[in-house]
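The structure under discussion appears below in the form of structure tokens.
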Amino acid sequence: MHRCEVKVTREPLLPLPSVFSTEHGAVVDFFGVVRESENDATISGLEYEAFVEMAEAELGRISEEMAQKFSLGMVIVHHRIGFVPAGEASLFVRVSARHRGAAFAGSQRLVE
């Protein structure tokens, strides 16, 4: 049994409270953070655009697919849109699995 949650938002992405389960021995959190330079040029941030309903539907589809493929218990994907300043997160992914190998692999595939 797995649970998937996706959100596309203009709000800052902050760490979520830890959630542990007696069924899952591994929880992996990933934050994608905007760097201060791109192609050797200093930038103040990045502008992200998306059609929210379509983006959430696609993120949900991918999350469900990865949950099945890697036997993940929980998949949370939050993606920020609008202007994201350098040093702030544009992507947050959390996955849980019975074992760390599946949790790390599932997280990496979601990020890619």
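The values are calculated or read from the model by the stated rules, or taken from the named source; none is laboratory data. If you're wondering where the values come from, they're calculated on a predicted model, not measured in any experiment. Heads up, the Cβs are rebuilt from the backbone with ideal geometry, glycines too, and the neighbour counts pull from every protein chain shown.
Scanning the range 95-112 for residues that are among the charged types (D, E, K, R) and assigned to a helix (DSSP H, G or I) yields Arg100, Arg109.
Going through (1) touching a Gly at 6+ places or on another chain (Cβ under 7 Å); (2) under 16 Å from Glu112 (Cα atoms); (3) assigned to a strand (DSSP E or B) one by one, Phe83 falls short only on (2). When the range 20-39 is examined, which residues are found to be among the β-branched types (Val, Ile, Thr) and either modelled with pLDDT of 95 or more or touching a His at 6+ places or on another chain (Cβ under 8 Å) (or both)? Hits for the range 20-39 are Val27, Val28, Val33, Val34. Phe92 - would you say it is within 11 Å of the chain's Cα centre (by Cα) and in a strand (DSSP E or B)? Answer is yes for this residue. Residue-level check: of (1) farther than 24 Å from Gly106 by Cβ; (2) modelled with pLDDT under 90; (3) of a type in the set (Asp, Glu), Glu49 misses just (2). Confirm whether Thr42 is under 18 Å from Ile81 (Cα atoms), among the hydroxyl-bearing types (Ser, Thr, Tyr) and modelled with pLDDT of 90 or more. Judged against the criteria, Thr42 is not a match. Selection of the range 80-112 for residues being exposed (fewer than 15 other Cβ atoms within 10 Å of the Cβ), touching a strand residue (DSSP E or B) at 6+ places or on another chain (Cβ under 7 Å) and farther than 22 Å from Thr22 by Cβ yields Gly82, Phe83, Pro85, Gly87, Val111.
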